[in-house]
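Since the structure comes first, as structure tokens, the remarks are kept for the end.
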Amino acid sequence: MRTLEQFLINLDGGPCRAISRMALGLTIPPVFHALLGGRDRVWPSLTLFVGILVMLRIVPAILRRALPFSVEAKKIWAERRNIAKQFDSYQWQKLIWIGLGLLLYATIGGGLTTGELVMTSICLIGGSAGLLAWWVSMPRVPQSKARTYAVDRS
């Protein structure tokens, strides 16, 4: 497997998964401030956030089809997509890391607007529920896949 493929696979696994999503959460408020002209609007913020979530699914799918990745990399991604299809909680738990990034922004960036606060609450509540559901359902995942896709419980 090439270095770029290994990087992309690792980006969505282990601690890199959490760090990349927290970084996304940390960058959302400044981007939304720029796009919304600094106005505090709940519905436009939520609409932009849903757009980001959709793009997080569409862009990787396009890249997987457009770029020549190895069979091994495609197999790993196919296994991950299969787990995600079997367990909605696998997708929902991603929100907790984005929510923690938003919370980090609130701490170091001087707070959140109402729209960002709603987003953060949705992410933390939905992500916590997804994480809890994932931990409960994880024993049904074959052990080889559980090590690859699970959140580290230690």
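The values are calculated or read from the model by the stated rules, or taken from the named source; none is laboratory data. For clarity, every value in this text was computed on a predicted model and none was experimentally measured. When we count neighbours, we look across all protein chains shown, and the Cβ atoms used for this are built from the backbone with ideal geometry, even at glycine.
Taken together, the residues in the range 12-56 that are out of contact with any Leu (no Cβ under 7 Å at 6 or more places or on another chain), of a type in the set (Val, Ile, Thr) and within 21 Å of Ile108 (Cβ to Cβ) amount to 4. The set of residues from the range 91-122 being farther than 21 Å from Asp12 by Cβ and modelled with pLDDT under 90 comprises Gly109, Gly110, Gly111, Leu112, Thr113, Thr114, Gly115, Glu116.
When Met55 is tested against (1) at pLDDT 85 or above; (2) assigned to a helix (DSSP H, G or I); (3) farther than 24 Å from Gln6 by Cα; (4) not small (Gly, Ala, Ser), exactly one condition is not met: (3). Per the conditions (1) under 15 Å from the mean Cα position of the chain (by Cα); (2) modelled with pLDDT under 85, the sole criterion not satisfied by Ile125 is (2). Among the numbered criteria (1) part of a helix (DSSP H, G or I); (2) at pLDDT below 90, which one does Gly38 miss? Checking Gly38 against (1) part of a helix (DSSP H, G or I); (2) at pLDDT below 90, the one that fails is (1).
Residue by residue, here is whether (1) farther than 26 Å from Ser128 by Cβ; (2) surrounded by fewer than 17 Cβ atoms within 10 Å (Cβ to Cβ) holds:
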| position | (1), (2) |
| --- | --- |
| Leu11 | no, yes |
| Ala23 | no, yes |
| Leu26 | no, no |
| Trp77 | yes, no |
| Gln93 | no, no |
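Here Leu102, Leu46 are screened, and the one residue that is in contact with a Ser or Thr (Cβ under 7 Å, 6 or more places away or on another chain), assigned to a helix (DSSP H, G or I) and touching a residue at least 40 places away in the same chain (Cβ under 8 Å) is Leu102.
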